[in-house]
Amino acid sequence: MKGLLLNEFLTMRKVIAMYLGILILYYAFGVFGRGMAGVQIFAVFFSAMLVIYSFSYEEKSGWISYVNVLPVSRAQVVLSKYILSLIAMGAAAGGGALIQTIMNLKSHVRLDNGLWVSIMAFCVASFFLSLIIPILFKMGAEKCRIILVVIFLIPFMTIMLIEKTGVEPAFTIQDLIAMTPLIVLCAVIFMILSCMLTLRIYSKKEF
């Protein structure tokens, strides 16, 4: 498992460096701009895209066929993708939460002010990855690009539709904050179910 993750980070080190540069730039916009909420949401979803790139890279390099002759199980291959996505999203969410905490200290407000955004962004991104990763294992990154774009556009199109129609959201921010533990639990359950489904898909796949 450690070898699989190390391979992911080493083969994508240039891409990861590029991602870090973009995230630092956006975090700077959040610090010197109007707020961190939108930046934190973007950062987490942007980091979630890293696992999609890893599938694309492996298809082009032929790694998918090669890894199946290595002394690793298919379960380890599947779990490595989920762990990679969680590390990427966790790093982005943690970085945003740290910056938000520092800003709270400087502004003399509660330390946990705005931190719920990082948690919520992480959970929502986890929901979408729970849908995307089984599709990636089933069809591959190249064959399902349109599906992936549509899935990632759903939350943003929903927000735009609400703004255009003027419909009042059913939940307030306070309601969302109160529901955070439930949303976290649901995200964990979805991720576990997704992992089980992906294991079943990959175990039956022939190369």
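The values are calculated or read from the model by the stated rules, or taken from the named source; none is laboratory data. Not measured: the values here are computed from a predicted model. So basically every Cβ, Gly included, is an ideal-geometry build from the backbone, and we count neighbours across all protein chains shown. Surface accessibility is based on the protein's heavy atoms, side chains included, excluding ligands, DNA and RNA. Shrake-Rupley method; radii C 1.70, N 1.55, O 1.52, S 1.80 Å.
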Limited to the stretch 108-134, what total is found for residues that are surrounded by fewer than 19 Cβ atoms within 10 Å (Cβ to Cβ) and modelled with pLDDT of 85 or more?
4
State which residue pairs qualify: first residue without any contact (Cβ under 8 Å) to a residue 12 or more places away in the chain and inside the stretch 123-147, second residue open to solvent by 10 Å² or more (accessible area, probe 1.4 Å) and not basic (Lys, Arg) in any location, beta carbons under 7 Å apart, and separation of 6 or more residues or different chains.
Cys144/Ile135
Looking at the stretch 65-75, is at least one residue closer than 28 Å to Leu153 by Cβ and either aliphatic (A, V, I, L, M) or touching a Leu at 6+ places or on another chain (Cβ under 8 Å) (or both)?
no
Single residue of the stretch 112-151 satisfying the filter (assigned to a helix (DSSP H, G or I) and among the polar types (S, T, N, Q)) that is nearest to Ala75 (Cα to Cα):
Ser130
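Only one of Leu79, Leu70, Leu105, Leu86 is under 10 Å from the mean Cα position of the chain (by Cα), surrounded by fewer than 20 Cβ atoms within 10 Å (Cβ to Cβ) and either assigned to a helix (DSSP H, G or I) or not aromatic (Phe, Trp, Tyr) (or both). Can you tell me which?
Only one candidate passes the filter, namely Leu86.
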Being open to solvent by less than 50 Å² (accessible area, probe 1.4 Å), more than 26 Å from Ile146 (Cα to Cα) and either more than 16 Å from the chain's Cα centre (by Cα) or not charged (D, E, K, R) (or both) narrows Leu5, Leu10 down to just Leu5
Just checking, does the stretch 56-67 include any residue being part of a helix (DSSP H, G or I), touching a Lys or Arg at 6+ places or on another chain (Cβ under 8 Å) and in contact (Cβ under 8 Å) with a residue 60 or more places away in the chain?
no
